[in-house]
Amino acid sequence: MSDWRADGIEVAVGGFRLGPLDLALEAGRAVAVVGPSGAGKTTLLRALAGFLPIERGRLWRDGVDLTRAPPEARGLGYVPQGLGLFPHRTVFHNVRYPLEIAGTPDPDPAAEALLDRFRLRPLADRRPAALSGGEQQRVALARALAADPELIVWDEPGQALDVEARHDLGGVLADLRAVDRVPIVVVTHDPALAFSVADEFVVLDRGRLLLRADAASLLRHPPTAFVARFAGYENVLDRPAVDRAGDGPFARWLRGRAGPEGVAFRALPVPAPEAPRGAWDGVVRAARPDPDGIRLEIAADDLMLAARLPRAWSAPLPAAGSRVRFDVPSDGVRPLDGAAAP
Amino acid sequence: MTGGPRTDGRPARGIAGRLWLGLGAAASASLLLLFLLPIAALLTYAPPSRLLAAAMSAPVQQSIALTLYAAALAVLASALLAVPLGYLLARHRFRGRGVVESIVTLPVVVPHLLVGLGLFFLLAVPSTPLHAAAAALGIPIYDSIAGVVLVMVVVSAPYTVVASQLAFQAVDGRVVEAARSLGAGPATAFLTVTLPIAGRGIVAGLLLTWARAVSEIGGLLILAAYVFPGGLYSGPVANPISVYVYELFQNGNLADAAAVSSVFLLIAFAIFLGVRLAERTARLPWRSGELLP
């Protein structure tokens, strides 16, 4: 499998500019491209796939310059948003298509092997419109692999999938890396999917590269409110929220720890209300069980904060208006400094 | 119905609702009758023996053959000229696109007699350069097969332009991009993905073009009421069928006008339904996209 490198690529679409951007992709690695809407994620994928011209910089595959190569000559499997399945062809003929195009002498066995691998054999004669979302994803992937790509570039896998199919997809993508050793680039809004497949995160913001980091450092040092939310921080206060927080003791304490872009911390551990301890005062606004225990919303000064009761909590949920005390683990407070962590 | 929940899944309807529904149904029925009754009147005016005689008459057969042949050429020309224009309008943003779209609808809104007159002044008046050019190439326009096809193309090709534009617009660009990324060059992607997906809409447009072409009379009365052999036509002198019927009617020959019209109507219907049926049931390459070996 190939190594891919993008050196300072820049792309312009209408008034939008992306880049300059560096990327490196080795065999068997997966990169998740994340960022708020309008960050340029799809633009980046379409430029890599050859559907938008790269205005400056170079794209290399194993030292071969692909910057100006047409899409069909890049050896790159692009799965667009919505998957791009051929509505007029059956599942079998979708998967067979790249083999036909390549002029493979006897395309059927290879296509059938892919159908088997992705559990599509019983659906071989159906049209894509007659498949579930999860089945369509498997067809898209089988078809992409039929072209024997050197890189798979997938825009929004997992979009509009139910919980089961989403779980399935994680396994399929992991397989792709481990078995086929094809490097993968995914654009995703789904943190669970991203953290389950990606070795590296590329965070874009308004057309610029904000951060390239592995999962661990992304989780430890989120530079912006967006990244902090993506990394699952339940309490993310951007700079305006911190400034608006009033002049209470907790707000002042927090402001002292915030970076230029704000501050983030995990859900606060709240001891059982009948044994209150902790440095700060709060009032329960809402309490609700969720898969991780019992989630509280508490008000402290003018801030609404996410908090958690101990997992083993079995008494009735605390009533709205009841008072609690809490501590903030000081090593868990992340200033958002807007720049990539060292 | 007295009380109890309704189970047919339709909303309950009050008196005003029923009144509106009744008015709507009456309006629809009137219009449908207006479509059907004239055809029924036409088909039943002449006795069946007269229809049979018309069907067996050589001039009628020649006229119908000429009309179907010219319409087929017009459809072919539309496929070659109008489908690319539809694609251009569907896939490309360019300056003057709105102007082009307006020009496409022009032949539909201009009375067809005037279309015929325009073509006459452009091509059939001996003093014009285009007439000279056509004559130099040995292509007669006036009262010739070229004249018939020209009129038919002008008045009927817009339907194929619009239908294929809509059909190409409905093809998801991402599907085409997926094909490119799977190894298809632009031409292969067009032939194996874009065209098969748009095929149905294009065929529907060509069918409309054909129907419009065979029914043309206004322009033909001016430019090619008679067709003499020459160019792509080697049959005997004949009228397009619409002109033929019109002349029977003008001469007061009502029974023959009805009989000939009926014969042509039945043939046209049969062709129309045959194409629709074939398009719906046959495993045509544009439906499965299996254009590749």
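Working from Cα positions, state the angle (0 to 90°, nearest 10) between the long axis of helix A:133-146 and the longest principal axis of chain A. Helix A:133-146 sits at roughly 50 degrees to that axis. For A:Asp148, the accessible surface of its heavy atoms amounts to roughly 110 Å² (probe 1.4 Å, protein chains only, rounded to the nearest 10). The mean accessible area for residues of the protein assembly as shown, using a 1.4 Å probe and ignoring ligands and nucleic acids, is 49 Å² per residue. Mean-square fluctuations from a GNM of chain B, with a 10 angstrom spring cutoff on Cα atoms, peak among B:Gly147, B:Gly201, B:Gly185 at B:Gly185. Compared with the dominant principal axis of the Cα atoms in chain A, helix A:107-117 is inclined by about 20°. Extending 7 Å from Cα along the Cβ direction at A:Ala102 and again at B:Gln61 yields two label points whose distance is 5.9 nm. Classify segment B:68-240 from the C-alpha gyration tensor, please: rounded if a/c falls under 1.5, else prolate or oblate depending on whether a/b exceeds b/c. Taking the square roots of the gyration eigenvalues as a ≥ b ≥ c, segment B:68-240 is prolate.
Which FRET efficiency value, to the nearest 0.05, do you get for B:Ala16 and B:Asp172 by plugging their Cβ-Cβ distance into 1/(1 + (r/R0)^6) with R0 = 56 Å? The calculated FRET efficiency here is 0.80. Over the C-alpha trace of segment A:212-342, radius of gyration and Dmax come out as 14.9, 45 angstrom.
Computed across segment A:82-232, the Kirkwood radius stands at 16.7 Å (inverse of mean 1/r, all Cα pairs). In the elastic network of chain A, a GNM with C-alpha springs shorter than 10 Å, the most mobile of A:Thr104, A:Thr42, A:Thr188 is A:Thr104.
Between A:Asp302 and B:Phe35, the simple spin-label model (points 7 angstrom out along Cα→Cβ) gives 6.7 nm. For A:Tyr78, the residues 5 or more places off, or on other chains, whose built amide H falls under 5 Å of its own are A:Val153. Exactly which trypsin sites (Lys or Arg not before Pro) in segment A:225-300 are in a DSSP loop and have at most 13 other Cβ atoms within 10 Å? The qualifying sites are A:Arg277.
Would you mind getting the Kirkwood hydrodynamic radius of the protein assembly as shown from its Cα pairs, rounded to one decimal in Å? Before the final figure, lay out the partial values.
On the way: mean 1/r = 0.0323 Å⁻¹.
After inverting the pairwise mean of 1/r, the radius is 31.0 Å.
In a GNM of chain A with a 10 Å cut-off on Cα contacts, which of A:Ile298, A:Ile101, A:Ile184 has the highest mean-square fluctuation? Comparing A:Ile298, A:Ile101, A:Ile184 in the GNM, the peak value goes to A:Ile101.
Between the exposed loop cleavage positions of chain B, defined as trypsin sites (Lys or Arg not before Pro) in a non-H, G, I, E, B DSSP state with at most 13 neighbouring beta-carbon atoms within 10 angstrom, the longest gap is B:96-282.
Please report, largest first and rounded to whole Å, the three semi-axes of the ellipsoid equivalent to segment A:116-155, where each semi-axis is the square root of five times an eigenvalue of the C-alpha gyration tensor.
Details: eigenvalues 74, 28, 12 Å².
For segment A:116-155, the semi-axes come out at 19, 12, 8 Å.
Summing Cβ point charges (Lys, Arg +1; Asp, Glu -1) relative to the Cα centre of chain B gives a dipole of roughly 1100 debye.
Scalar couplings 3J(HN,Hα) for segment A:166-178, obtained by applying the Karplus form with A = 6.51, B = -1.76, C = 1.60 to θ = phi - 60°, are 5, 4, 3, 4, x, x, 5, 5, 4, 4, 4, 6, 6 Hz; x denotes Gly and Pro.
The label point for B:Val237 and the one for B:Leu130, both projected 7 Å from the Cα toward the Cβ, are 2.7 nm apart. Over segment B:142-190, the ratio between the Cα radius of gyration and 2.2 N^0.38 Å evaluates to 1.82. Here B:Arg280 and A:Arg121 are evaluated by their C-beta separation; at R0 = 30 Å the FRET efficiency comes out at 0.55. For segment B:21-29, the Karplus equation 6.51 cos²θ - 1.76 cosθ + 1.60, evaluated at θ = phi - 60°, returns couplings of 4, x, 4, x, 5, 5, 4, 4, 4 Hz by residue, with Gly and Pro reported as x.
Assuming a ≥ b ≥ c are the square roots of the Cα gyration tensor eigenvalues, decide whether chain B counts as rounded (a/c under 1.5), prolate (otherwise, with a/b larger than b/c) or oblate. Don't jump to the answer; show the numbers that get you there.
Details: a/c = 1.88, a/b = 1.12, b/c = 1.68.
Note, shape of chain B comes out oblate.
In this structure, A:Asp180 and A:Arg252 have a Cβ-Cβ separation that, at R0 = 56 Å, corresponds to a calculated FRET efficiency of about 0.55. Legend: translational diffusion of chain A by Stokes-Einstein, Rh = Kirkwood radius over C-alpha pairs, 25 °C, 0.890 mPa s; D = 109 µm²/s.
Using only protein heavy atoms and a 1.4 angstrom probe, determine the accessible area buried between B and A, summed over both sides, in Å² to the nearest 100.
Values: alone 16880 and 15920 Å², together 30800 Å².
Its buried surface, counting both partners, is about 2000 Å².
Here's how it looks for A:Gly262: its modeled amide H is under 5 Å from those of A:Arg239, A:Leu336, which are all 5 or more places away or on a different chain. Cα gyration tensor of segment A:156-243, axes a ≥ b ≥ c as square roots of the eigenvalues: rounded (a/c below 1.5), prolate (a/b > b/c) or oblate? Here segment A:156-243 falls in the prolate category.
Among the trypsin sites (Lys or Arg not before Pro) within segment A:1-95, those in coil by DSSP and having at most 12 neighbouring Cβ atoms inside 10 Å are A:Arg68.
In segment B:68-240, Cα pairs under 8 Å separated by at least six residues give a relative contact order of 36 percent. If the label point is 7 Å along Cα→Cβ of B:Phe121, which residues in segment B:215-229 have backbone nitrogen under 19 Å from it? Only B:218-224 fall inside the zone, counting backbone N under 19 Å.
For segment A:232-285, which GluC sites (Glu not before Pro) are both in a DSSP coil and crowded by at most 10 other Cβ atoms within 10 Å?
Within segment A:232-285, the qualifying GluC sites (Glu not before Pro) (loop, at most 10 other Cβ atoms within 10 Å) are A:Glu274.
For segment B:196-233, the residues whose amide N sits under 16 Å from a probe point set 7 Å from the Cα of B:Val110 along the beta carbon direction are B:217-224.
The values are calculated or read from the model by the stated rules, or taken from the named source; none is laboratory data. Just so you know, these numbers come straight off a predicted model, no measurement behind them. Note that we place each Cβ from the backbone using ideal geometry, even for glycine, and neighbour counts take in every protein chain shown. Note: areas computed on protein heavy atoms with side chains; ligands, DNA, RNA excluded. Shrake-Rupley method; radii C 1.70, N 1.55, O 1.52, S 1.80 Å.
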